[in-house]
Amino acid sequence: MRKLEQKLNEIIERLFDVRSRVEIVAEKEKFGDYSTNTAMMLAGRLKQNPREIAAKIIEEVTREIPGLKAEAVGPGFINFTVPARGVYDEISEAWHEKYGENESGKGKKAVVEYPSQNMAKPYSVGHLRPGTQGHAVAQILRANGWEVITDNHLGDYGTPFGIWVVGFLKLSSEDKLASGGVYELGRVYIEMKRLLKEEEVNGTSKLADEVQKWLLKLEQGDETAVMYNKKFSEISLGHIHDVMGRLGLRTDFELGEAFFAPRSKELVEKYLADGKFEKNKDGSVICKLDEFGIDVPMLMQKSNGAALYATTDLATLVYRMENWKPDKIVHAVGAEQKFYFEQLFAMGKKIGIEVDSFHLWFGLIDQMTEDGKREKMSSRKGVVLMEELLDEAEARAKAIVESAGGEGKKISEDDIRKIATGAIKFADFAADRKHGMLFDWKTIFALTGFSAAYVQYAGVRIGRILAEARDFELVDFGGYDFEAEKSLLKLIAEYPKLVAALGENLEMHKMAHFAYDLAVAINKYYEKTPVLKAEAKEKSARITVLRQVAQVLEHSLSILGIEIPGEM
RNA sequence: GCACCCGUAGCUCAGUGGAUUAGAGUAGCUGGCUUCGAACCAGUUGGUCGCACGUUCGAAUCGUGCCGGGUGUACCA
């Protein structure tokens, strides 16, 4: 495929004296294996009939590449049919242990920030997307040769802490906290938020003052305040680690807001002195962004001098640039913060920071109401907790394995976990991340059709064949034509191009679609082509291809953070 | 009001300028397990690509306007 593109570029330059970049696309089988519209593109520039241009190109290219069939059709498309053996040879030439990966990002460094939970509340499905999407982006950048630093930007600073202490003293107890853990903290937090809102409506501020008092105490290093902070944070962080562990997620760093907060005030002063920021009469500090086409200034510090998100994010940005010197920073945060990040990136430019910032945003999670309407999931109507989701998913996975496998079927806990988390993650990559995502069991935990289970099953099937053939000694398969394996080979041949493209555009759902397409090809192949029972030469060729297929399938799923179970 | 995102089969979604029949999954219907595992395979029903106008040899795809849904719009995160 790549060879063909190169050849076409050479031929076009020779024939028409123009430089071009031919793009070949894999086509549906009825249109041959590959197709290009290059003749039509050239027609405009050369002012010639596209069919005639196509005919000239075809004459040359078929002469230079033996076995290639090319045909001009319609207004000037060229459809190519290539020998399967040629595709196999091309793959074999490029084959290595990490086939698909490239070095285009060599020497470049990226920071990927995910899943950045708010520590005040238990891990809910609302945190699903930042984790899965962020992890996948880190993986695809690594596959393109980047050095990647992952950092969980924990929401561990400010008001939530004060709310916890006041809530704990008023609404909870040591016993309740001991038994409820993070869920008790979450309950207290949500109840307190409700009370605070009520108070605000009534125009009083007794509770709010209390909250502020504890925040001040913490800043001053008060012993009790520090003790509570440590205690609550440990409970929450332990919970986050548990759930991330079950999801197969981890990050290199966990530098939360609290880590950056101490330096933020000094930075605000610095940029005030520079004239980059301005102080309002009420004491608040803003950064004007009109020069970037943003007419809402960014609030950098509250009128009472307190920090807010922007303040710690300023310190975060400066810290990362000073300590890690990245070329790119990716923030995996939901779509509702798009405007905020536009401001943040503009502010970064204004203070002279040069880095390619990218807000990896994604749509919200909706759920169906009882009367069949689709609406946003909210804590008021009851969020689904991640631990509940995982428990239920594992129970369902286990049940289906046992019913499908017949009596006495045993499967390891680890394989169950791979099936359960695989299904959930795959659902996140089914659609473009910009779309909202519907949370219902049919879509988030599909086990048939377009699903992780389907792809994993294909992997398990070829895994079985390869395990059976482990001791088989391959014989020379020189004359084998690979026509039966053509659909598999064509997909594998495309894989490096896909990895490279995703490294640029980060459209990770395309990886899920690739894995699914490969699984479809595997299952079809499995139905009609015997491997173990084939004669030695065919068997050798087929096993060789299946080993490559298994490696590519595993690699593509691993980018998405999905593993293939040993059995299912 | 303004900005951004979305609108494709009953449902969940791919496809974002190139050709005949716009593709998957799911739901419905039909067939296939003594065969390398049926979480599979083969077949079938189902579409004014939100609407209108425009650009083009050609529009789900590009442009403009409208309709519908969502999100955001400085002291929340």
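May I ask which of A:Lys98/A:Lys537; A:Lys279/A:Lys349; A:Lys69/A:Lys497; A:Lys276/A:Lys328 have a Cα-Cα span longer than 25 Å here? Over 25 Å apart, Cα to Cα: A:Lys98/A:Lys537. Across the stretch A:66-176, counting alpha-carbon atoms alone, Rg and Dmax equal 26.2, 83 Å. Projected onto their three principal axes, the Cα atoms of the stretch A:2-82 cover extents of 31, 24, 19 Å, largest first. Among the trypsin sites (Lys or Arg not before Pro) within the stretch A:487-543, those in coil by DSSP and having at most 11 neighbouring Cβ atoms inside 10 Å are A:Lys533.
Could you pull out the GluC sites (Glu not before Pro) across the stretch A:504-568 that fall in loop regions by DSSP (anything but H, G, I, E, B) with no more than 11 other Cβ atoms inside 10 Å? Each step should come with its number before you reach the end.
Working: sites: A:Glu504, A:Glu507, A:Glu527, A:Glu535, A:Glu538, A:Glu554, A:Glu563, A:Glu567; in loops: A:Glu507, A:Glu535, A:Glu563, A:Glu567.
Filter output for the stretch A:504-568: A:Glu535.
For chain A, the Cβ-based charge dipole about the Cα centre amounts to some 760 debye (Lys, Arg positive; Asp, Glu negative; other atoms uncharged).
Can you run the Rg to Rh ratio on chain A? Use alpha carbon positions and the Kirkwood inverse-distance Rh. Each step should come with its number before you reach the end.
Working: Rg = 28.6 Å, Rh = 27.3 Å.
When Rh is taken as the Kirkwood radius, the ratio is 1.05.
Sparse packing (at most 14 other Cβ atoms within 10 Å of the Cβ) combined with a DSSP loop state is found for the following trypsin sites (Lys or Arg not before Pro) in the stretch A:400-454: A:Lys409, A:Lys410, A:Lys434. The slack in the chain from A:Ala94 to A:Leu272, taken as 0.36 nm per residue of separation less the alpha-carbon distance, amounts to 58.5 nm.
Full extension of the segment from A:Asn304 to A:Glu198, taken as 0.36 nm per residue of separation minus the current Cα-Cα distance, would add 35.9 nm.
State the Kirkwood hydrodynamic radius of the stretch A:158-248 in Å, one decimal place, computed from all pairs of distinct Cα atoms.
Numbers: mean 1/r = 0.0723 Å⁻¹.
13.8 Å is the Kirkwood radius here.
Spacing of the modelled spin labels on A:Ala399 and A:His241, each 7 Å from Cα toward Cβ, amounts to 3.3 nm.
Between A:Met227 and A:Gln48, the simple spin-label model (points 7 angstrom out along Cα→Cβ) gives 8.7 nm. Roughly what % of Cα-Cα distances in the stretch A:384-568 sit above 21 Å, to the whole percent? Taking all Cα-Cα pairs of the stretch A:384-568, the fraction more than 21 Å apart is 53 percent.
Just want the ordering: A:Glu59, A:Glu257, from fewest to most Cβ atoms lying within 10 Å of their own Cβ. Each step should come with its number before you reach the end.
Working: A:Glu59 13, A:Glu257 22.
Neighbour counts put them in this order, fewest first: A:Glu59, A:Glu257.
FRET efficiency for A:Phe450 and A:Lys410, Cβ-Cβ distance as r, R0 = 30 Å, nearest 0.05? Mind dumping the intermediate values first?
Values: r = 28 Å, r/R0 = 0.95.
Calculated value: 0.60.
The numbers here are math on the coordinates, done by the rules we state, and not lab data. A quick note: this is a predicted structure, and the numbers were derived from the prediction, not measured. Cβ coordinates were reconstructed from backbone atoms using ideal geometry, including for glycine residues, and neighbour counts include every protein chain displayed.
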